[in-house]
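Enquirer: Before we start, here is the structure in question, set down as structure tokens.
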Amino acid sequence: VQLVESGGGLVQPGGSLRLSCAASGSTYAINAMGWARQAPGKQRELVATVSSGGSPNYADSVRGRFTISRDDAKNTVYLQMNSLKPEDTAVYYCKASQFSLNFWGKGTQVTVSS
């Protein structure tokens, strides 16, 4: 499974961005998909996941501001990020689980700054 993220960029505090992650290759039986982020000097943090049935889960730090969704027909997962804060600045990585394996994308940079 190959994952390619897009949609990152520079945004002012309070702004919004929508990240996309397209899966390709052997996408059969992909189960949960999600997004994690890693800021400089910090550990990678899982911020949102969505099950194969569409049930979302969020980290406390983003709950109420971020929304995860998936389109299985397009093998794509999205992360709508609203009310962005400077502390949301990080590289955002897409994750997909298939059987007992986890796959990661290469990441897309999100910078929140005035």
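Enquirer: Given the options Asp88, Asp60, name the one that is open to solvent by 30 Å² or more (accessible area, probe 1.4 Å) and of a type in the set (D, E, K, R).
Expert: That would be Asp60, the only listed residue that is open to solvent by 30 Å² or more (accessible area, probe 1.4 Å) and of a type in the set (D, E, K, R).
Enquirer: Where in segment 1-73 are there strands (runs of 3 or more DSSP E), lying wholly inside it, with at least 1 residues that are of a type in the set (A, V, I, L, M, F, W, C) and touching a strand residue (DSSP E or B) at 6+ places or on another chain (Cβ under 6 Å)?
Expert: By residue number, 2-6, 9-11, 17-24, 30-38, 45-50, 66-71.
Enquirer: Let me ask another. Looking at segment 43-54 only, could you name the residues that are at pLDDT 95 or above and surrounded by fewer than 18 Cβ atoms within 10 Å (Cβ to Cβ)?
Expert: Gln43, Arg44, Glu45, Leu46
Enquirer: Is it fair to say Thr111 is out of contact with any Cys (no Cβ under 7 Å at 6 or more places or on another chain), of a type in the set (S, T, N, Q) and outside any loop (DSSP other than H, G, I, E, B)?
Expert: yes
Enquirer: Shifting gears a bit: Scan (1) without any contact (Cβ under 8 Å) to a residue 40 or more places away in the chain; (2) over 16 Å from Gln80 (Cβ atoms) for the single condition Ala23 breaks and write down its number.
Expert: Failed condition: (1).
Enquirer: While we're here: Mind checking which pairs have a first residue in segment 89-114 that is over 20 Å from Gly9 (Cβ atoms) and in contact (Cβ under 8 Å) with a residue 60 or more places away in the chain and a second that is open to solvent by 60 Å² or more (accessible area, probe 1.4 Å) and among the small types (Gly, Ala, Ser), Cβ under 8 Å, 6 or more apart or different chains?
Expert: So the pair list comes out as Gln98/Ser26.
Enquirer: Further question: So which residues in segment 68-100 are farther than 19 Å from Leu3 by Cα and out of contact with any Gly (no Cβ under 7 Å at 6 or more places or on another chain)?
Expert: If the condition is that a residue be farther than 19 Å from Leu3 by Cα and out of contact with any Gly (no Cβ under 7 Å at 6 or more places or on another chain), then Met81, Asn82, Lys85, Pro86, Glu87, Asp88, Thr89 are the ones that fit.
The values are calculated or read from the model by the stated rules, or taken from the named source; none is laboratory data. Predicted model only: the values in this text are computed from it and were never measured. Backbone-built Cβ (ideal geometry, glycine too); neighbour counts: all protein chains shown. Note: accessible area is taken over every heavy atom of the protein model, side chains too, but ligands, DNA and RNA are not part of it. Shrake-Rupley method; radii C 1.70, N 1.55, O 1.52, S 1.80 Å.
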